[in-house]
Amino acid sequence: MRNFLFILLFLFSFKIETKNIEGNAERGLELFKKNCTACHSIDLEKKMIGPPLSGVIEKRSREWLHKWILDNKSLRQSGDKEAIAIYKEYGNTEMNSFPQLSEQQIDDILFFIKNPIKEKKENSEILKENNHNDNENIKEEFIQFLIKIIVFGFSILSIILLWILYRIKILTKLLSESDIIFQQKKKKNFLTISFFFLFNKLLEKKKIILCFFLVFFSILSGYEIWSFLMKIDVNKGYKPEQPIYFSHKIHSGINGIDCQYCHSTAKYSKVSGIPSTNICMNCHVTINEYKGDYIEKGKSREEYNKEIQKIYHLVGWNPEKREYSGKTHPIQWIRIHNMPDFVHFDHSQHIITGKKMIKKSKKVDLVCNACHGEVQNMDQVEMSNDFTMEWCISCHRKTEIDTNNQYYIEHFPNVIKKEKRITIDMIGGTECAKCHY
């Protein structure tokens, strides 16, 4: 009887302990994403590096879970059999300790596990901004198309006028030959006489009209040839298909991954660099399928998942065994932004020294956007600017320098003392040797 009462008391205390877990599921979701998703799936029923967490609240007491999360190593060293069994079950892989989490934060995480909620990934502001950018692009493309139509129309009109002038010349010859016949017949048809009178007056000025249209056509042709030559290797709008489809909007825009997390060399070297597959696997070692709400028009969730599987194949990762095979394959990315060999451009100089004033001049939140456009809203990255010498010089003439920056204080002290407003061209930013050496 005593044992029976002890068991009832134990079960009763366990239930009370479970009910004592109270918190905020939304805060718990955010804490879970920051601290737990490296080993545990956000889909709580799925096993990853760590065990599935669905139902763990019913299996363990609140007190035990708090001890395990705060310092599982100390819990094992105390001789706790359950802690030791879990440690051995997962190949002696030690779970990270989280002593920085408060009691309430752990309760929030546990409350989320007990009452899971779906993360709302769609950001209305991002979608609204993206729609605005799409409208701007459509408007710009329409204007360019309209200009081409007008130029083409003038070209066709010039050809037609030249043909008319040629026919007028023939008619003039015929009229001069038939003038004798008209005089002999002496027909005084008023309409006929009026027509030929006006026509002859027009023919008197045919040379002036012909010269005018020849000059106009020559200028138009020269403009078209010049425009064509100036657009050679100007690849604005260029967006090739990459071997792995990668949406910057999903990664950088919706999920908020910083540009320099992947392009880490942009801040410290000449080029921004292409991230290695190790960078991809930092996240995709645990994210093996896309579960976001945003789906690009014309795409499907299955297509996104296939691209993740491509990464696994190329790096030799087996998601089922959770191990690398050692067989890797290079990814042949297609470069989009590529300066000519005779042009020297340093990313680090612009990002570190010019960051503040470039953002102010171009009115952007990220210095990267000044040249590369709103990459965080692009599904497929494209070249958003001309990248001509005129484009660069124009920027140097408009953008001021940061007079409080130590680089300019050290190298241009006299200029800073004399001038209030100093643009880059005033300190040699338009000299040939600045970029061509």
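The values are calculated or read from the model by the stated rules, or taken from the named source; none is laboratory data. As the structure is a computational prediction, the values presented were derived from the model and not from experiment. Every residue, glycine as well, gets a Cβ built from its backbone with ideal geometry; the counts of neighbours run over all protein chains shown.
Details
- Among the residues of the stretch 206-238, those that are more than 28 Å from TRP163 (Cβ to Cβ), touching a Phe, Trp or Tyr at 6+ places or on another chain (Cβ under 9 Å) and of a type outside the set (S, T, N, Q) comprise VAL234, LYS236.
- Checklist (1) within 24 Å of GLU30 (Cβ to Cβ); (2) at pLDDT 80 or above applied to ILE49, failing item: (2)
- Helices (runs of 4 or more DSSP H) fully within the stretch 37-98 counting 3 or more residues that are assigned by TED's automatic domain parsing to the domain that holds ASN288: none
- The set of residues in the stretch 324-364 being more than 23 Å from the chain's Cα centre (by Cα) and outside any loop (DSSP other than H, G, I, E, B) consists of TYR324, THR353.
- Selection count where residues are more than 16 Å from the chain's Cα centre (by Cα) and outside any helix (DSSP H, G or I), scope the stretch 240-282: 6
- Total residues in the stretch 19-65 satisfying the condition of being without any contact (Cβ under 8 Å) to a residue 40 or more places away in the chain and either surrounded by 14 or more Cβ atoms within 10 Å (Cβ to Cβ) or over 15 Å from PHE112 (Cβ atoms) (or both): the figure is 10.
- For GLN376, the test of being in a loop (DSSP other than H, G, I, E, B) and under 21 Å from LYS239 (Cα atoms) is failed.
- If you check THR403, THR430, THR388 for being outside the structural domain of SER264 (by TED's automatic domain parsing), among the hydroxyl-bearing types (Ser, Thr, Tyr) and within 30 Å of GLU241 (Cα to Cα), only one passes: THR388.
- Residues of the stretch 66-104 that are aliphatic (A, V, I, L, M) and surrounded by 15 or more Cβ atoms within 10 Å (Cβ to Cβ): ILE69, LEU70, LEU75, ALA83, ILE86, MET95, LEU101.
- Qualifying residue in the stretch 354-364 (condition: over 30 Å from LYS297 (Cβ atoms), in contact (Cβ under 8 Å) with a residue 40 or more places away in the chain, surrounded by 17 or more Cβ atoms within 10 Å (Cβ to Cβ) and out of contact with any Ser or Thr (no Cβ under 9 Å at 6 or more places or on another chain)): no
- Taking the criterion of being under 19 Å from ASP107 (Cβ atoms) and touching a residue at least 12 places away in the same chain (Cβ under 8 Å), the residues of the stretch 68-92 that qualify are TRP68, ILE69, LEU70, ASP71, ASN72.
- Cross-chain or 6+ apart pairs with Cβ under 9 Å, the stretch 323-351 first and over 21 Å from TYR268 (Cα atoms), then among the small types (Gly, Ala, Ser): TYR324/GLY316; SER325/GLY316; GLY326/GLY316; LYS327/GLY316; THR328/GLY316; HIS329/GLY316
- Of the candidates TYR166, TYR238, the single residue that is surrounded by 12 or more Cβ atoms within 10 Å (Cβ to Cβ) and at pLDDT 70 or above is TYR238.
- Residue in the stretch 402-411 that is part of a helix (DSSP H, G or I), of a type in the set (Ser, Thr, Tyr) and surrounded by fewer than 15 Cβ atoms within 10 Å (Cβ to Cβ) present: yes
- Candidates are the residues of the stretch 299-321 that are at pLDDT below 90 and exposed (fewer than 13 other Cβ atoms within 10 Å of the Cβ); the one that is farthest from HIS251 (Cα to Cα) is LYS321.
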